[in-house]
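See structure below.
Every read-out reported here was derived from the displayed coordinates using simple, explicitly stated rules and does not represent laboratory data. These numbers come from a predicted model, not from an experiment. Glycine gets a Cβ as well: all are built from the backbone with ideal geometry, and neighbour counts include every protein chain shown.
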């Protein structure tokens, strides 16, 4: 499968395009991507823009794809010819990756001829949804376990290869320290980290022999998994193996515990290691961890130095999707909105203005039209012009530092894992309310 | 990103491989993939094998990947040279895609030299987890709404492109009728289906004009979205537009409702359409649907012909991951198991034997060693030999029909959406129990 194919789209984008094509509907359209509601999150972190820009810049329909579409019988030859020369030439405004945002705030706006803006809907949502979902989940891990080493172990149960690789990226943006996913290291320069699996221990006839084998082959990476048979016995073996290894100049860096009562096991193991003179050996734990389990381990001050976080982060398991949308807000110079029951949208070219407290924490946001002359900080910036990237892509390290700075501006009540009540205030400004009334009057 | 790259793996697979390489540990290893527990499902449907086989057949490490690995400083030149010539040459036994299975039953077994079997762990889990998760979720949709047209709309909120495309495949195996995801149509021959978006309606100054534009461009595909402004008014416009279109030989096939109280709206719309002489126009609905909402709509006999099912299926939102694992069960001729607290595994080369009632429904399964001479139907078949596919891949239509036949053998109590108590019986046979005791005695 080709993740960057133009056919990573819903069929209706193409059937609508055929109709737009037939009827000459290629005036400029404006679409917003936003999250409608966030029932289990106090804030979200924008992520995925970089992949959206790369997708839009490279977008074209390949000959075999044209052939496939022809075979469906739904499209005219003239339309397929147009499609074979298709390129995205529109503009994109967006919040930089790492920006905090809230319900109803557009984080990306596409301005392009209607057929262009339509075709890209599905993949834009797909990319922004995934990384924003995971970055926002990962940020909660950092809030629960500040100062601890957090490593992404989630590839295996992420929903496919792309989900695993992009979850590693989103998690790193949101403050994780490393990932086990090797391709994420290659593609994005994220530090990679890994220990050993139970199979490694089991493949040896003796646990201590397994520790020795691994340490001599990975002297810079000696994190030993000690719970395959009996965690305390495993820790005792580490102590005895450490002596032999020290004579060979190899130092054990850490141990990992992946089962049982992690707090209790960590206390026992810490005791064994300390009594064995291994005060510098770190304790890492893993296994069904999420922000609530991290917080519980932190609350009892378990002697744990790092956490491997997998499935529950990479699937955002408590909230595996966001109620997000990509909606038309203007076409051919006229503001537009849908009025569907419970799903009405805000019309026009919008901007989000942010206001801060004197100490720099977030105070409130105002959602308005971009022509509004508000003193707040505007959050949407021009990112693409005429189908081309407008500014140099920030380094992922810069994005990560920016996200950390953003997190530092979160008011305390939004840093809690439970839902804050009232939520962060996002006010609808008068000019936007007025435009919505105007659109409704026109449609009435 | 490259979904079929060998670097879609966890770092520890490679660091363990370096240690295996250094110490000549390349004896034959046996690993099982299985699901430990299924707290919210009465049955699972095996899916994803085809992608696993393609991955294993094509697996190699590219020069740029070797360069990246060299840069980490964790690997020796000799090992990297070995890795650059790496191929998977092992054997795979598996349940055919579409097979029903239950907790603790291996659905795939890899038999290969230890380093080969180790490297592929992460991606095998990643592929089998995703499609099995989604097929098992999708099957519940079919149980909730038998006989209805079910279409996958989930790409946009699936976790990445691969998740969207493979969810379409898994859903189709489990009985859905079509997908909106175009690349899934191209790659797998799944019927594609689509209607129109709200943006299409909004881009026109008049809803009836939008209906006309679409119908003349898509005369074979005239499913009109009627809830953009007011659903009943939308239905009335369909009636009036239908008369004009009929004169031009175009017949409206259906309408879609995407918001509000779907049961109530469907009743109102059905009345409007019928009174307008459009008894043949079908009603499709969409919007946050899952098996429970489908069942509720079926229970009130809402006049709905088809359902667009999206996010909640493609993310398996009530249960977004399975507790699955890929565990060593034999190495160098000796059976192995881990004994970690709460995560112990079954050793040896296993087989699942299935027993049926007289009427063909499933009675019980027995998990045993493959050498056991049981009369039940064995479920694991040889699928790859020496790294090569052993049998012609079944056509996806065949897989789908097989899955439907399997579903037809489900006992009634497993067809309920709620968890059956007691669950389906999977008995551990005596030879397997005996081997586990033997392994424990050896390790004690």
Percent of beta bridges antiparallel (DSSP, the protein assembly as shown, rounded to nearest 5): 65
Within a Gaussian network of chain A (alpha carbon springs, distance under 10 Å), most fluctuating of A:34, A:153, A:86: A:86
Between 0 and 90°, nearest 10: helix A:396-408 axis offset from chain A longest Cα axis: 90
Span from the the stretch B:248-266 Cα centroid across to the the stretch B:320-357 one, whole angstrom: 50
Which of A:151, A:165 has the fewest Cβ neighbours within 10 Å, and the rest in rising order: A:151, A:165
Gyration tensor verdict on the stretch A:22-179 (Cα atoms; rounded if a/c is under 1.5, prolate if a/b is larger than b/c, oblate otherwise): prolate
Label geometry 7 Å along the beta-carbon vector: residue B:216 inter-copy distances in nm: 8.2
Folded to 0 to 90 degrees: helix A:430-443 orientation relative to chain A principal axis, Cα: 50
Crossing angle, helix A:49-58 versus chain A [Cα axis fit, 0-90 degrees, rounded to tens]: 60
Pairwise centroid distance, computed over Cα atoms, of the stretch A:165-192 with the stretch B:374-420, Å: 36
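Using DSSP, restrict attention to beta bridges with both residues in the stretch A:139-314 and report what percent are antiparallel, rounded to the nearest 5.
Approximately 0 percent, going by the DSSP bridge assignments.
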Largest to smallest principal axis extent of the C-alpha atoms in the stretch B:1-51, angstrom: 45, 29, 20
Calculated label separations, residue B:415, copies of the chain, 7 Å along the beta-carbon direction, nm: 5.5
Using a 7 Å Cα-to-Cβ projection, residue B:394 label spacings across copies, nm, ascending: 5.1
17 Å reach of a label modelled at residue B:437, 7 Å along Cα-to-Cβ, counting backbone N of the stretch A:196-236: none
Helical mean residue ellipticity (222 nm; -39500 (n - 2.57) per DSSP H run of 4+; nearest 500) of chain A: -12000 deg cm²/dmol
Euclidean distance between Cα centres, the stretch A:1-50 to the stretch B:100-115, Å: 39
Calculated FRET efficiency for the pair residue B:40/residue B:398, C-beta based, R₀ 25 Å, to 0.05: 0.30
Choice from A:73, A:160, A:277 showing the highest fluctuation, given a GNM over chain A with Cα pairs closer than 10 Å: A:73
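Out of all DSSP beta bridges with both ends in chain A, state the antiparallel percent to the nearest 5.
65
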Sorted by Cβ density within 10 Å, fewest first, the residues A:243, B:270: A:243, B:270
Using a Förster distance of 56 Å, the FRET efficiency for residue A:355-residue A:84 (Cβ separation, nearest 0.05): 0.70
Proxy reagent accessibility, fewest Cβ within 10 Å first, across A:156, B:409: B:409, A:156
Two-decimal log10 I(q)/I(0) for the protein assembly as shown, as the Debye equation yields it once each C-alpha is a single scatterer, q = 0.09, 0.10 Å⁻¹: -0.94, -1.14
All Cα pairs of the stretch A:234-327, percent lying beyond 18 Å: 53
Radius, Kirkwood style, for the stretch B:140-314 when every pair of distinct Cα atoms is counted (Å): 16.5
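Over chain A, what portion of Cα pair distances is larger than 43 Å, expressed as a whole percent?
Working: 24739 of 98346 pairs.
Counting every Cα pair in chain A, those more than 43 Å apart make up 25 percent.
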Highest-MSF residue in chain A out of A:57, A:97, A:81 [GNM, Cα springs under 10 Å]: A:81
Cα Rg over Rh - the stretch A:335-444, Kirkwood: 1.03
